[in-house]
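Quick notes on the structure that follows.
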Amino acid sequence: MRVRVNPIDCTAHGLCAELLPEWISRDEWGYPVVDSQTLPAQLVKSAKRAAAACPTLALRLQQD
Amino acid sequence: MRLLTAAGPLLTEHLGAHGELQLADRQQLLEAVEGAGLLGRGGAGFPTARKMRTVAAGSRPVVLANGCEGEPASGKDALLLSRHPHLVLDGLQAAAHAVGAAEAHLALHRGSPALPLVRKAIAERRDRATVTLHEVEPRYVASEESALINHVNTGVAKPVFTPPRPFERGIGRRPTLVNNVETLAHLALIARHGAAWFRAVGDPEEPGTQLFTADGAVVEVPTGTAVRSLLDLRGLQAVLVGGYFGTWVGVAQAQDLVLTHRDLRAAGGALGAGVLVGLPATGCGLVETARVATFLAAENAGQCGPCFNGLPSIAAAVRALALGPWDDRTMTDLDRWLGVLAGRGACRHPDGAVRFVLSALTVFAADVVEHRAGRPCKGVHSAPVLPVPLDGRSWT
Ligand SMILES: Cc1cc2nc3c(=O)[nH]c(=O)nc-3n(C[C@H](O)[C@H](O)[C@H](O)COP(=O)(O)O)c2cc1C
Ligand code: SF4
Ligand code: SF4
């Protein structure tokens with residue numbers, strides 16, 4: 001599974017970076033910078049939580 | 001010359017030069033395109049047959065010809081559409097036949113000088129797949145494929161987030177084959193003469209001929225042609241290869257460079273849509289880069305934070321590099337921004353802009369040092385070389 005951001009929907013709330021700091025940081029404008037590699041198994045649960053918490057549903061989990 | 005024959009734009013002239021298009025069995029046509037090894041001429045060099053097969057497998061597919069030619073330094077598609085519109089329209093029919101589409105679309109920039117000729121050419125024909133002409137906002141990212149489809153579907157020519165990609169879900173949510181008009185013109189000839197004929201010229205892995213725009217002049221040459229046979233390199237310091245998503249190449253490296261996707265990739269560049277522009281030794285690569293970076297920044301579609309924040313920041317830093325004022329952070333900021341944008345937009349616009357600016361920092365590295373030391377050469381005052389249609393347009 002991989003994490004992707006829909007950059008059109010993302011409004012830089014930054015919740016995702018708080019809930020998944022191991023995988024998501026923020027650039028100087030507040031937009032998420034996501035590691036594009038396959039998500040390690042132990043992070044899948046927090047990734048799902050972050051995706052659900054995103055106010056604009058911009059954070060997506062994609063099967064590889 | 002295969003595409004750019006002496007024939008005129010009328011249907012009778014076209015038929016006189018190329019004969020009638022006979023569309024054989026659909027599978028045979030797909031195999032011919034595959035065997036020909038036709039690569040897309042819109043920039044990315046994607047194998048046409050592979051896209052066709054995916055679209056053909058879907059239900060009620062659609063085809064869309066991209067004739068917008070958003071690259072300011074490119075003129076090949078406009079020339080092809082005005083001189084040989086029936087070659088493109090034949091190719092559009094062949095593409096529709098190959099994927100089983102009953103509906104075809106052709107997109108041009110609003111105000112394109114080719115429009116009247118294309119409209120007339122469509123009216124001259126009796127086509128199986130109906131052709132609808134679309135006039136799209138003349139903006140750089142409006143001709144990105146998802147933006148074109150968005151335009152046809154909703155009237156808004158801005159990119160959308162993918163997947164689903166156009167070949168999965170495009171016009172009217174149906175699988176859509178998007179091809180550049182030059183790609184389609186080659187297809188029209190492959191449908192007539194077959195794969196072996198197509199492969200008889202050009203690079204074995206990227207066969208055929210290709211249209212290039214060299215300093216504004218359009219030529220058709222075999223793929224794999226050397227840069228130096230299209231541009232006189234004497235008196236130049238660098239060549240822009242591939243358009244504004246391409247790269248600067250120093251003149252020493254350009255001496256031995258041949259024009260294939262493979263060779264350009266190996267050189268860290270991109271063949272793009274076949275644009276070459278020579279930068280005279282008297283010009284300033286940093287000023288040229290600043291002008292183009294400013295244009296590309298203004299052309300962002302205002303949708304994705306990394307793009308609409310990052311590109312204007314990069315453009316401002318490149319302007320400072322070229323014309324001052326420098327401060328200690330100009331270079332570190334620029335390096336950081338160039339490192340953080342790629343892959344973070346809905347379309348590849350930021351990726352292309354970043355590649356272009358990065359190449360300038362390499363090729364004009366010595367100039368950066370001089371400008372930094374307050375010793376720019378006289379080139380900063382020479383007449384602009386790269387065309388930039390900056391007229392304050394903005395997205396509405
Ligand atoms: C910002 C942007 C602008 C583009 N503009 C054009 C264009 O003007 N004409 C074109 O043929 N392709 C353009 N493309 C590429 C198209 O998205 C698409 O890949 C192409 O039309 C496919 O045709 P091909 O496979 O025949 O090359 C653009 C891509 C991007 C990212
Ligand atoms: S939580 Fe959603 S909107 Fe906020 S930064 Fe993350 S992806 Fe963007
Ligand atoms: S990446 Fe830039 S140009 Fe592409 S859709 Fe987003 S804002 Fe528009």
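The values are calculated or read from the model by the stated rules, or taken from the named source; none is laboratory data. Fair warning: this is a prediction, and the values are worked out from it, not measured in the lab. Methodologically, a virtual Cβ is constructed for each residue, glycine included, from the backbone with ideal geometry; neighbour enumeration extends over all protein chains shown. Surface accessibility is based on the protein's heavy atoms, side chains included, excluding ligands, DNA and RNA. Shrake-Rupley method; radii C 1.70, N 1.55, O 1.52, S 1.80 Å.
Filtered by the rule that a residue be within 12 Å of chain B (Cβ to nearest Cβ) and within 10 Å of the chain's Cα centre (by Cα), the stretch A:11-23 gives a lone residue, A:14.
For the stretch B:34-79, filtered to residues that are over 18 Å from residue B:136 (Cα atoms) and of a type in the set (S, T, N, Q), the residue that is least open to solvent (accessible area, probe 1.4 Å) is B:48.
Rundown of residues vs (1) hydrophobic (A, V, I, L, M, F, W, C); (2) open to solvent by 40 Å² or more (accessible area, probe 1.4 Å); (3) under 13 Å from residue B:344 (Cα atoms), yes/no style:
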| position | (1), (2), (3) |
| --- | --- |
| A:1 | yes, yes, no |
| A:5 | yes, no, yes |
| A:11 | no, yes, no |
| A:22 | no, yes, no |
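Filtering the stretch B:198-228 to residues that are assigned to a helix (DSSP H, G or I) and either farther than 24 Å from residue B:20 by Cβ or open to solvent by 60 Å² or more (accessible area, probe 1.4 Å) (or both) leaves B:199, B:227, B:228. Of the residues in the stretch B:179-197, at least one is among the aromatic types (Phe, Trp, Tyr) and surrounded by fewer than 24 Cβ atoms within 10 Å (Cβ to Cβ). Confirm whether residue B:174 is assigned by TED's automatic domain parsing to the domain that holds residue B:58, touching a strand residue (DSSP E or B) at 6+ places or on another chain (Cβ under 7 Å) and open to solvent by 20 Å² or more (accessible area, probe 1.4 Å). In short, yes. Which of the residues belonging to the stretch B:140-167 are under 18 Å from residue A:62 (Cβ atoms), within 14 Å of another protein chain (Cβ to nearest Cβ) and away from ligand 2 (no atom under 16 Å from the Cβ)? Residues satisfying the conditions are B:146, B:160, B:162, B:163, B:164, B:165. When each of A:40, A:32, A:55 is tested for being near ligand 2 (Cβ under 7 Å from one of its atoms) and more than 17 Å from residue B:344 (Cα to Cα), the lone residue that passes is A:55. When the stretch B:180-200 is filtered for residues that are out of contact with any Asp or Glu (no Cβ under 9 Å at 6 or more places or on another chain) and touching a residue at least 60 places away in the same chain (Cβ under 8 Å), the ones remaining, listed by number, are B:183, B:186, B:190, B:194, B:196, B:198, B:199.
Would you call residue B:375 modelled with pLDDT under 95, more than 24 Å from the chain's Cα centre (by Cα) and not acidic (Asp, Glu)? For residue B:375, the condition - modelled with pLDDT under 95, more than 24 Å from the chain's Cα centre (by Cα) and not acidic (Asp, Glu) - is met. Considering (1) without any contact (Cβ under 8 Å) to a residue 40 or more places away in the chain; (2) assigned to a strand (DSSP E or B), the lone condition that residue B:106 does not fulfil carries the number (1).
Matching residues to (1) of a type outside the set (Lys, Arg); (2) open to solvent by 10 Å² or more (accessible area, probe 1.4 Å); (3) outside the structural domain of residue B:344 (by TED's automatic domain parsing):
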residue	(1), (2), (3)
B:270	yes, yes, yes
B:275	yes, no, yes
B:291	no, yes, no
B:295	yes, no, no
B:298	yes, yes, no
B:301	yes, yes, no
B:305	yes, no, no
B:310	yes, no, no
B:314	yes, no, no
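If you go through the stretch A:1-23 and pick out every residue that is within 16 Å of ligand 3 (Cβ to nearest atom) and either more than 26 Å from residue B:312 (Cβ to Cβ) or outside any loop (DSSP other than H, G, I, E, B) (or both), you end up with 2. Residue B:135 fulfils the conditions (1) in contact (Cβ under 8 Å) with a residue 40 or more places away in the chain; (2) open to solvent by 50 Å² or more (accessible area, probe 1.4 Å); (3) away from ligand 1 (no atom under 13 Å from the Cβ) except for a single criterion, (1).
Highlighted here are the helices (runs of 4 or more DSSP H) found entirely within the stretch B:229-316 that include at least 1 residues which are farther than 30 Å from residue A:28 by Cα, without any contact (Cβ under 8 Å) to a residue 12 or more places away in the chain and away from chain A (no Cβ under 14 Å): B:251-254, B:261-266. Residues in the stretch B:350-368: is at least one in a loop (DSSP other than H, G, I, E, B) and surrounded by fewer than 18 Cβ atoms within 10 Å (Cβ to Cβ)? There is no residue in the stretch B:350-368 that is in a loop (DSSP other than H, G, I, E, B) and surrounded by fewer than 18 Cβ atoms within 10 Å (Cβ to Cβ).
Taking (1) among the small types (Gly, Ala, Ser); (2) open to solvent by 20 Å² or more (accessible area, probe 1.4 Å); (3) closer than 22 Å to residue B:386 by Cα in turn, residue B:82 satisfies each apart from (3). Of all the residues in the stretch A:24-53, those that are assigned to a loop (DSSP other than H, G, I, E, B), crowded, with 16+ Cβ neighbours inside 10 Å and within 13 Å of chain B (Cβ to nearest Cβ) number 2.
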